[in-house]
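Inspection log for the structure reproduced underneath, given as C-alpha coordinates.
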Amino acid sequence: MRKIILLLPAILFLSARTFAQTSVELIPTAGYTFADRTDFYNTYSRIADGLSFGGSIKFNFNRSFGIEVLYSHMNTTVGDYYYGDNHNPINQANLKFDYIMAGPVESFTIPNSTVRPFIGALLGAAIMTPDANSGYDQDTRFAVGFQLGTNIYVSPRVGIQLKAQLLSPVDGAGSSFFVSNYGGGAGVDTYSSLYQFSLSGGLIIGLGRVLPAERYRAARRPRPRYRYYY
(Lines give C-alpha, C1' and ligand atoms only; values in the text may rest on other atoms or scores of the structure.)
Protein backbone atom coordinates (compact mmCIF):
# COMPACT_ATOMS: atom_id res chain seq x y z
CA MET A 1 0.00 0.00 0.00
CA ARG A 2 2.86 2.40 0.85
CA LYS A 3 4.46 1.74 -2.54
CA ILE A 4 1.21 2.61 -4.30
CA ILE A 5 0.92 5.84 -2.30
CA LEU A 6 4.51 6.76 -3.16
CA LEU A 7 3.92 6.08 -6.85
CA LEU A 8 0.88 8.36 -7.08
CA PRO A 9 2.86 11.65 -6.99
CA ALA A 10 5.17 10.36 -9.73
CA ILE A 11 2.20 9.38 -11.92
CA LEU A 12 0.57 12.77 -11.36
CA PHE A 13 3.86 14.51 -12.20
CA LEU A 14 4.23 12.58 -15.45
CA SER A 15 0.61 13.11 -16.46
CA ALA A 16 1.14 16.87 -16.18
CA ARG A 17 3.88 16.78 -18.82
CA THR A 18 3.73 16.17 -22.54
CA PHE A 19 6.18 13.92 -24.37
CA ALA A 20 6.59 13.54 -28.09
CA GLN A 21 6.58 10.24 -29.99
CA THR A 22 9.28 8.85 -32.23
CA SER A 23 8.89 8.02 -35.90
CA VAL A 24 9.24 4.26 -35.24
CA GLU A 25 8.04 2.39 -32.14
CA LEU A 26 8.79 -1.23 -31.22
CA ILE A 27 6.17 -2.68 -28.84
CA PRO A 28 6.58 -6.22 -27.38
CA THR A 29 3.31 -7.32 -25.76
CA ALA A 30 1.77 -10.07 -23.62
CA GLY A 31 -1.85 -10.61 -22.63
CA TYR A 32 -4.83 -12.87 -22.08
CA THR A 33 -7.16 -14.13 -24.82
CA PHE A 34 -10.67 -15.18 -23.87
CA ALA A 35 -12.33 -18.42 -25.03
CA ASP A 36 -14.74 -18.50 -27.95
CA ARG A 37 -16.86 -21.10 -29.68
CA THR A 38 -18.55 -21.84 -33.00
CA ASP A 39 -22.10 -23.26 -32.94
CA PHE A 40 -23.52 -25.99 -35.16
CA TYR A 41 -26.80 -27.89 -35.33
CA ASN A 42 -26.29 -30.20 -32.35
CA THR A 43 -22.63 -29.68 -31.47
CA TYR A 44 -20.22 -26.79 -31.05
CA SER A 45 -16.46 -26.25 -31.27
CA ARG A 46 -14.70 -24.38 -28.49
CA ILE A 47 -11.27 -22.74 -28.49
CA ALA A 48 -9.91 -22.45 -24.96
CA ASP A 49 -8.66 -19.25 -23.37
CA GLY A 50 -5.01 -18.68 -22.58
CA LEU A 51 -1.99 -16.43 -22.63
CA SER A 52 -0.92 -14.73 -25.84
CA PHE A 53 2.22 -12.86 -26.70
CA GLY A 54 3.78 -11.07 -29.64
CA GLY A 55 4.54 -7.53 -30.61
CA SER A 56 4.23 -4.82 -33.19
CA ILE A 57 6.24 -2.18 -34.98
CA LYS A 58 4.54 1.14 -35.60
CA PHE A 59 5.56 3.71 -38.20
CA ASN A 60 4.34 7.15 -37.13
CA PHE A 61 3.89 9.73 -39.90
CA ASN A 62 3.01 12.35 -37.30
CA ARG A 63 1.77 12.41 -33.70
CA SER A 64 -1.77 11.54 -34.77
CA PHE A 65 -1.46 8.88 -37.48
CA GLY A 66 0.64 5.77 -38.04
CA ILE A 67 0.72 2.31 -39.64
CA GLU A 68 1.19 -0.72 -37.38
CA VAL A 69 2.45 -4.19 -38.31
CA LEU A 70 1.43 -6.72 -35.65
CA TYR A 71 2.23 -10.33 -34.76
CA SER A 72 0.35 -12.36 -32.13
CA HIS A 73 0.87 -15.98 -31.02
CA MET A 74 -1.23 -18.23 -28.80
CA ASN A 75 -1.02 -21.90 -27.77
CA THR A 76 -4.47 -23.30 -27.03
CA THR A 77 -6.72 -26.35 -27.36
CA VAL A 78 -9.78 -26.88 -29.55
CA GLY A 79 -12.51 -29.44 -29.00
CA ASP A 80 -15.96 -30.47 -30.26
CA TYR A 81 -18.76 -30.82 -27.69
CA TYR A 82 -22.41 -31.81 -27.51
CA TYR A 83 -24.68 -29.10 -26.12
CA GLY A 84 -25.15 -29.53 -22.39
CA ASP A 85 -21.90 -31.48 -21.94
CA ASN A 86 -19.00 -29.09 -21.40
CA HIS A 87 -16.62 -31.57 -19.81
CA ASN A 88 -16.44 -34.50 -22.26
CA PRO A 89 -15.24 -33.42 -25.72
CA ILE A 90 -16.04 -35.59 -28.73
CA ASN A 91 -12.46 -34.96 -29.82
CA GLN A 92 -9.77 -32.50 -28.80
CA ALA A 93 -6.42 -31.26 -30.16
CA ASN A 94 -3.74 -28.72 -29.40
CA LEU A 95 -3.70 -25.69 -31.66
CA LYS A 96 -1.30 -22.82 -32.37
CA PHE A 97 -2.78 -19.49 -33.45
CA ASP A 98 -0.57 -16.98 -35.27
CA TYR A 99 -1.85 -13.64 -36.53
CA ILE A 100 0.12 -11.42 -38.93
CA MET A 101 -1.76 -8.14 -39.31
CA ALA A 102 -1.29 -4.54 -40.43
CA GLY A 103 -3.43 -1.43 -40.38
CA PRO A 104 -3.83 2.28 -39.59
CA VAL A 105 -3.76 3.66 -36.04
CA GLU A 106 -5.23 7.02 -35.07
CA SER A 107 -3.94 8.61 -31.85
CA PHE A 108 -5.53 11.42 -29.85
CA THR A 109 -3.83 14.13 -27.83
CA ILE A 110 -4.89 15.06 -24.31
CA PRO A 111 -3.56 18.56 -23.53
CA ASN A 112 -0.75 18.65 -20.94
CA SER A 113 -0.75 14.86 -20.56
CA THR A 114 1.50 11.92 -21.43
CA VAL A 115 -1.57 9.73 -22.05
CA ARG A 116 -2.44 9.22 -25.71
CA PRO A 117 -5.56 7.12 -26.48
CA PHE A 118 -5.65 5.33 -29.83
CA ILE A 119 -7.94 3.33 -32.08
CA GLY A 120 -7.06 1.14 -35.05
CA ALA A 121 -8.20 -1.38 -37.65
CA LEU A 122 -6.27 -4.45 -38.83
CA LEU A 123 -6.18 -6.71 -41.90
CA GLY A 124 -3.99 -9.75 -42.44
CA ALA A 125 -3.80 -13.50 -42.04
CA ALA A 126 -4.59 -16.05 -39.32
CA ILE A 127 -2.41 -19.18 -39.38
CA MET A 128 -3.85 -22.13 -37.44
CA THR A 129 -1.47 -25.04 -36.86
CA PRO A 130 -2.69 -28.23 -35.09
CA ASP A 131 -0.46 -30.92 -33.63
CA ALA A 132 1.29 -33.11 -36.19
CA ASN A 133 -0.44 -36.23 -34.86
CA SER A 134 -3.93 -34.69 -34.87
CA GLY A 135 -4.63 -35.65 -38.48
CA TYR A 136 -5.40 -32.06 -39.56
CA ASP A 137 -3.42 -29.76 -41.83
CA GLN A 138 -2.33 -26.20 -41.24
CA ASP A 139 -4.97 -23.67 -42.27
CA THR A 140 -4.41 -20.03 -43.28
CA ARG A 141 -7.30 -17.58 -43.47
CA PHE A 142 -7.84 -13.91 -44.18
CA ALA A 143 -8.37 -12.10 -40.87
CA VAL A 144 -9.71 -8.77 -39.68
CA GLY A 145 -9.23 -6.97 -36.40
CA PHE A 146 -10.01 -3.94 -34.28
CA GLN A 147 -8.13 -2.43 -31.35
CA LEU A 148 -8.33 0.45 -28.93
CA GLY A 149 -6.28 1.46 -25.94
CA THR A 150 -3.87 4.03 -24.61
CA ASN A 151 -0.15 4.76 -24.62
CA ILE A 152 1.40 6.26 -21.48
CA TYR A 153 4.78 7.85 -22.15
CA VAL A 154 7.51 8.15 -19.51
CA SER A 155 9.84 9.81 -22.03
CA PRO A 156 9.79 10.30 -25.82
CA ARG A 157 11.41 6.85 -26.22
CA VAL A 158 9.86 4.83 -23.39
CA GLY A 159 6.24 4.14 -22.54
CA ILE A 160 3.58 1.60 -21.59
CA GLN A 161 0.76 0.40 -23.82
CA LEU A 162 -2.58 -0.95 -22.55
CA LYS A 163 -5.09 -2.18 -25.11
CA ALA A 164 -8.13 -4.30 -25.92
CA GLN A 165 -8.11 -6.20 -29.20
CA LEU A 166 -10.52 -8.27 -31.28
CA LEU A 167 -9.18 -10.59 -34.01
CA SER A 168 -11.29 -12.78 -36.26
CA PRO A 169 -10.47 -15.22 -39.10
CA VAL A 170 -12.92 -14.91 -41.97
CA ASP A 171 -14.40 -18.38 -42.56
CA GLY A 172 -15.53 -19.29 -46.05
CA ALA A 173 -16.84 -22.86 -45.86
CA GLY A 174 -16.51 -23.78 -42.20
CA SER A 175 -14.71 -27.00 -43.06
CA SER A 176 -11.41 -26.69 -41.19
CA PHE A 177 -10.49 -28.48 -37.98
CA PHE A 178 -11.70 -25.76 -35.64
CA VAL A 179 -15.20 -25.42 -37.10
CA SER A 180 -15.93 -29.03 -37.98
CA ASN A 181 -18.89 -31.05 -36.76
CA TYR A 182 -17.43 -34.46 -35.97
CA GLY A 183 -19.77 -36.98 -34.45
CA GLY A 184 -22.86 -34.82 -34.82
CA GLY A 185 -24.00 -35.88 -38.25
CA ALA A 186 -25.57 -32.50 -38.90
CA GLY A 187 -23.33 -31.19 -41.63
CA VAL A 188 -21.19 -28.08 -41.62
CA ASP A 189 -22.16 -24.44 -41.17
CA THR A 190 -21.17 -21.93 -43.83
CA TYR A 191 -19.51 -18.66 -42.81
CA SER A 192 -19.24 -19.65 -39.17
CA SER A 193 -17.63 -16.97 -37.04
CA LEU A 194 -14.77 -16.98 -34.58
CA TYR A 195 -13.93 -13.91 -32.49
CA GLN A 196 -10.87 -13.79 -30.23
CA PHE A 197 -10.99 -10.94 -27.72
CA SER A 198 -7.86 -10.16 -25.71
CA LEU A 199 -6.49 -7.70 -23.16
CA SER A 200 -2.77 -6.98 -23.24
CA GLY A 201 0.02 -4.71 -22.10
CA GLY A 202 3.31 -3.79 -23.72
CA LEU A 203 6.49 -1.80 -23.46
CA ILE A 204 6.95 1.03 -25.97
CA ILE A 205 10.52 1.41 -27.23
CA GLY A 206 10.99 4.52 -29.35
CA LEU A 207 13.31 4.35 -32.36
CA GLY A 208 14.13 6.88 -35.04
CA ARG A 209 13.69 10.62 -34.70
CA VAL A 210 11.45 12.44 -32.23
CA LEU A 211 8.39 13.81 -34.03
CA PRO A 212 7.88 17.58 -33.97
CA ALA A 213 4.79 19.12 -32.45
CA GLU A 214 1.88 19.56 -34.81
CA ARG A 215 1.33 23.10 -35.98
CA TYR A 216 -2.08 24.53 -36.61
CA ARG A 217 -2.49 27.43 -38.98
CA ALA A 218 -4.65 30.25 -37.77
CA ALA A 219 -7.68 30.90 -39.91
CA ARG A 220 -7.32 33.93 -42.12
CA ARG A 221 -9.80 36.68 -41.57
CA PRO A 222 -11.66 37.76 -44.69
CA ARG A 223 -10.58 41.10 -46.06
CA PRO A 224 -13.11 43.83 -45.34
CA ARG A 225 -15.16 45.05 -48.27
CA TYR A 226 -15.65 48.73 -48.59
CA ARG A 227 -18.76 50.13 -50.13
CA TYR A 228 -18.79 53.55 -51.70
CA TYR A 229 -21.95 55.58 -51.91
CA TYR A 230 -22.38 58.40 -54.36
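The values are calculated or read from the model by the stated rules, or taken from the named source; none is laboratory data. Just so it is clear, the structure is predicted and the values come from calculations on it, not from any experiment. Using ideal geometry, Cβ is built from the backbone for each residue, glycine included, and neighbour counts are taken over all protein chains shown. All accessible areas refer to the heavy atoms of the entire protein, side chains included, with ligands and DNA or RNA removed. Shrake-Rupley method; radii C 1.70, N 1.55, O 1.52, S 1.80 Å.
Number of residues in segment 77-112 that are open to solvent by less than 20 Å² (accessible area, probe 1.4 Å) and either charged (D, E, K, R) or out of contact with any strand residue (DSSP E or B) (no Cβ under 8 Å at 6 or more places or on another chain) (or both) equals 1.
Of all residues in segment 117-134 being of a type outside the set (A, V, I, L, M, F, W, C) and modelled with pLDDT of 95 or more, which is surrounded by the fewest Cβ atoms within 10 Å (Cβ to Cβ)? First the steps, then the outcome.
Initially, segment 117-134 is screened for residues of a type outside the set (A, V, I, L, M, F, W, C), giving 117, 120, 124, 129-131, 133-134.
Next cut, modelled with pLDDT of 95 or more only: 117, 120, 124.
Numbers: PRO117: 14, GLY120: 23, GLY124: 19.
Among those that are of a type outside the set (A, V, I, L, M, F, W, C) and modelled with pLDDT of 95 or more, it is PRO117.
For segment 140-150, a residue qualifies if it is within 17 Å of the chain's Cα centre (by Cα) and open to solvent by 40 Å² or more (accessible area, probe 1.4 Å), and the qualifying residues are PHE142, VAL144, PHE146, LEU148. Screening SER52 with (1) open to solvent by less than 20 Å² (accessible area, probe 1.4 Å); (2) at pLDDT below 95; (3) over 14 Å from GLN161 (Cβ atoms) gives one miss only, at (2). Looking at segment 94-109, is at least one residue in a loop (DSSP other than H, G, I, E, B), at pLDDT below 90 and under 26 Å from ASN62 (Cα atoms)? The answer is yes, given that some residue of segment 94-109 is in a loop (DSSP other than H, G, I, E, B), at pLDDT below 90 and under 26 Å from ASN62 (Cα atoms).
Of all residues in segment 65-90, those that are at pLDDT below 90 and closer than 20 Å to TYR195 by Cα total 7. Filtering segment 17-47 to residues that are outside any strand (DSSP E or B) and open to solvent by 20 Å² or more (accessible area, probe 1.4 Å) leaves ARG17, THR18, PHE19, PHE34, ALA35, TYR41, ASN42.
Report yes if some residue within segment 18-27 is at pLDDT below 90 and among the aliphatic types (A, V, I, L, M); otherwise report no. Yes, segment 18-27 contains at least one residue that is at pLDDT below 90 and among the aliphatic types (A, V, I, L, M). When segment 59-76 is filtered for residues that are surrounded by fewer than 16 Cβ atoms within 10 Å (Cβ to Cβ) and within 30 Å of ASN42 (Cα to Cα), only ASN75 remains. Evaluation of ASP137 against the conditions (1) acidic (Asp, Glu); (2) surrounded by fewer than 16 Cβ atoms within 10 Å (Cβ to Cβ); (3) closer than 26 Å to ARG157 by Cβ shows that the sole unmet condition is (3).
Residues that are within 15 Å of GLN147 (Cβ to Cβ) and surrounded by fewer than 16 Cβ atoms within 10 Å (Cβ to Cβ) within segment 198-214 comprise LEU199, GLY201, listed in sequence order.
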